[in-house]
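Notes follow the structure.
The values are calculated or read from the model by the stated rules, or taken from the named source; none is laboratory data. Keep in mind that what you see is a predicted model, and the values were worked out from it rather than measured. So basically every Cβ, Gly included, is an ideal-geometry build from the backbone, and we count neighbours across all protein chains shown.
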Amino acid sequence: MMKIRHASLAMALATVIGWLPLRAQASDYSFVHDADGHRDCTRLVASGNPDYPPYLWVAKDGEALQGAAADFIKRVGEIAGVEIDVVYSGNWGRVQQHMRDGTIDMIAGAFLTLPRLEYMDYFYPAFQGTRTLIWTRDNLDLGYSQWSDLVGIEGLTVINNSFGQAFDAYARHNLTIREVPSLEQGLQMLSLDRAEYLIYEEFPGKAVAAHENITNIRSYKTPVSTENLYLTMSHKSECNSGDLRGRISRAVFELVSKGVMTEMLEASIQDWGEHTN
């Protein structure tokens with residue numbers, strides 16, 4: 001049975017304190033209303049996982065999110081006739097709670113899971129595919145080739161993350177995984193021999209490891225899962241209407257058909273490199 005444990009308070013506080021200059025507070029955003037007090041649905045508020053380069057990361061102003069997923073959802077808004085602000089609204093767990101509460105309208109990049117269907121609508125098709133990998137130290141060989149190879153080994157993952165419905169269900173019943181507040185902390189703990197493996201996605205793992213100058217880790221080629229990223233809208237958003245969902249869906253379809261994410265990812269990888277220098 002999966003045993004989820006939180007990393008020590010000291011490690012969590014160290015991580016939070018280390019990031020305070022950049023993200024002491026979430027963005028001070030508010031919905032726009034007209035003179036009669038009705039919500040102005042020509043302007044939407046979106047957010048996402050702030051520790052997810054090159055898809056999303058916190059901009060230098062500490063208020064907005066930037067990256068390929070932010071660029072994509074903004075372009076969707078332009079085609080659909082709405083302005084979409086992509087804001088920093090806390091860590092990934094808090095962002096998902098904001099969606100449950102309807103205090104943000106959209107998420108720029110979420111995997112499809114059954115629990116999430118209970119509080120947000122998904123826009124099809126997916127705008128990007130991802131690969132989740134097993135990361136370990138470069139001097140350790142787990143012999144990983146399938147999920148069962150992880151049984152009996154203590155691993156790490158980032159709190160409130162999902163790696164697809166099938167793997168989540170398997171892990172819940174069979175694996176021992178400790179949750180940490182951020183990818184940075186997870187990679188650091190792995191590097192310091194505090195766990196035997198970390199589960200995370202390919203591009204963000206590489207990007208954050210480079211940023212943290214962690215060079216003694218590697219990943220296995222066999223993916224844990226291959227999942228798709230979707231744009232989503234909160235069930236409780238005042239702007240969640242059939243008309244708007246239709247316009248957004250058409251815009252997503254148009255952009256995916258044109259393959260725009262390839263160019264956006266290339267630009268965001270370059271931007272991330274400049275952001276971390």
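The table for this structure:
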item: Segment 26-53 - residue that is part of a loop (DSSP other than H, G, I, E, B) and buried (at least 24 other Cβ atoms within 10 Å of the Cβ) and, of those, modelled with the highest pLDDT; result: G48
item: Subset tally (residues that are free of Cβ contacts under 8 Å to residues at least 60 places away in the same chain, surrounded by fewer than 24 Cβ atoms within 10 Å (Cβ to Cβ) and within 12 Å of E154 (Cβ to Cβ)) for segment 182-193; result: 1
item: Test: I248 is touching a residue at least 24 places away in the same chain (Cβ under 8 Å) and farther than 20 Å from V76 by Cβ; result: no
item: Among (1) in a loop (DSSP other than H, G, I, E, B); (2) at pLDDT below 95; (3) of a type outside the set (S, T, N, Q) - the single one P204 does not satisfy; result: (1)
item: Leading residue by the ranking (nearest to F167 (Cα to Cα)) among those in segment 96-109 that are of a type outside the set (S, T, N, Q) and surrounded by fewer than 24 Cβ atoms within 10 Å (Cβ to Cβ); result: R100
item: The lone exception for N160 - which of (1) at negative phi; (2) touching a helix residue (DSSP H, G or I) at 6+ places or on another chain (Cβ under 8 Å); (3) not assigned by TED's automatic domain parsing to the domain that holds D71 it fails; result: (1)
item: Search result, residues across segment 83-94 that are closer than 20 Å to V252 by Cβ and either at pLDDT below 95 or surrounded by fewer than 20 Cβ atoms within 10 Å (Cβ to Cβ) (or both); result: E83
item: Enumeration of residues in segment 93-148 that are assigned by TED's automatic domain parsing to the domain that holds M189 and assigned to a helix (DSSP H, G or I); result: W147, S148
item: Counted residues, segment 54-92 - those being assigned to a helix (DSSP H, G or I) and either more than 18 Å from Q128 (Cβ to Cβ) or hydroxyl-bearing (S, T, Y) (or both); result: 2
